[in-house]
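What follows is a set of notes on a single structure, which appears directly below.
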Amino acid sequence: MISITQIVVRYQETDQMGIVHHSVYPVWYEVARTDFCRKMGMSYSKMEEVGLMTPIYEVHSCFKAPAKYEDVLTVEAFLNKISEYRLEFFYRIFKDDILIHTGSTTHVFVGKEDFKLLNIKKRFPEIYDMLKNTVEKEKME
């Protein structure tokens, strides 16, 4: 499954050069990732309610062309990998159907109460299966 989210660049997201500041892209990743989870059928807030959190462990960004104020962007997000302890999302950002950015985030599974690393396959098998099935479907498409 690929989640598609529209973003309109706000003035506050640009720097003195008039282009989107590099620190904004991870914020857009979060918007797209949250949208992905909702479309998958398990909102992030529901995961938190059952005691599961997925903090970011690693972020990668590749800037191919700039985005500017009021540009309408399309952010694609999909789940690239999952294991018992981690998951990786991949992102593509387009402006006028031109790829301008790629990125990825790696997350770890932790308990909400103690923030300790947990094995999602053992602790939340239904969530693990839902995520695993999403990865397998994406690789088939």
Where a residue in segment 50-67 is hydrophobic (A, V, I, L, M, F, W, C) and in a strand (DSSP E or B) and its partner, wherever it lies, is surrounded by 12 or more Cβ atoms within 10 Å (Cβ to Cβ) and at pLDDT below 95, with Cβ under 6 Å and at least six apart:
LEU52/PHE124; MET53/LYS112
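Rundown of residues vs (1) among the β-branched types (Val, Ile, Thr); (2) modelled with pLDDT of 95 or more; (3) over 30 Å from GLY111 (Cβ atoms), yes/no style:
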{"site": "VAL8", "(1), (2), (3)": "yes, yes, yes"}
{"site": "MET17", "(1), (2), (3)": "no, no, yes"}
{"site": "VAL50", "(1), (2), (3)": "yes, no, no"}
{"site": "LYS64", "(1), (2), (3)": "no, yes, yes"}
{"site": "LYS81", "(1), (2), (3)": "no, no, no"}
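Identify, please: which residue in segment 24-48 is among the hydroxyl-bearing types (Ser, Thr, Tyr) and at pLDDT below 95 and is, among those, nearest to the chain's Cα centre (by Cα)?
Our first condition is that a residue be among the hydroxyl-bearing types (Ser, Thr, Tyr); within segment 24-48, this holds for 25, 29, 34, 43-45.
Applying the additional criterion that residues be at pLDDT below 95 yields 34, 43-45.
On the way: THR34: 7, SER43: 13, TYR44: 11, SER45: 15 Å.
For segment 24-48, the residue satisfying everything is THR34.
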Qualifying positions in segment 71-102 - surrounded by fewer than 17 Cβ atoms within 10 Å (Cβ to Cβ), closer than 24 Å to PRO125 by Cβ and not small (Gly, Ala, Ser)
ASN80, LYS81, GLU84, TYR85, ARG86
Only one of (1) among the polar types (S, T, N, Q); (2) farther than 15 Å from THR5 by Cβ; (3) modelled with pLDDT of 95 or more does not apply to THR105, and that is (2)
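Answer yes if at least one residue in segment 64-72 is within 15 Å of the chain's Cα centre (by Cα) and among the aromatic types (Phe, Trp, Tyr), and no otherwise. Explain how you work it out, then say what you get.
Narrowing segment 64-72 to residues within 15 Å of the chain's Cα centre (by Cα): none.
No, that holds for no residue.
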From the residues in segment 3-40 that are in contact with a helix residue (DSSP H, G or I) (Cβ under 7 Å, 6 or more places away or on another chain) and outside any helix (DSSP H, G or I), which one is surrounded by the fewest Cβ atoms within 10 Å (Cβ to Cβ)?
HIS21
State which residue pairs qualify: first residue under 30 Å from PRO66 (Cα atoms) and touching a residue at least 60 places away in the same chain (Cβ under 8 Å) and inside segment 101-122, second residue in a loop (DSSP other than H, G, I, E, B) and of a type outside the set (Asp, Glu) in any location, beta carbons under 7 Å apart, and separation of 6 or more residues or different chains.
HIS101/LYS64
Give me the residue from segment 99-114 that is closer than 20 Å to SER83 by Cβ and of a type in the set (A, V, I, L, M, F, W, C) and, out of that set, nearest to the chain's Cα centre (by Cα).
VAL108
For HIS60: the one exception among (1) modelled with pLDDT of 95 or more; (2) surrounded by 14 or more Cβ atoms within 10 Å (Cβ to Cβ); (3) within 29 Å of LEU118 (Cα to Cα); (4) not β-branched (Val, Ile, Thr)
(2)
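The values are calculated or read from the model by the stated rules, or taken from the named source; none is laboratory data. For clarity, every value in this text was computed on a predicted model and none was experimentally measured. Here Cβ is always computed from backbone atoms with ideal geometry, including for glycine, and neighbour counts include all displayed protein chains.
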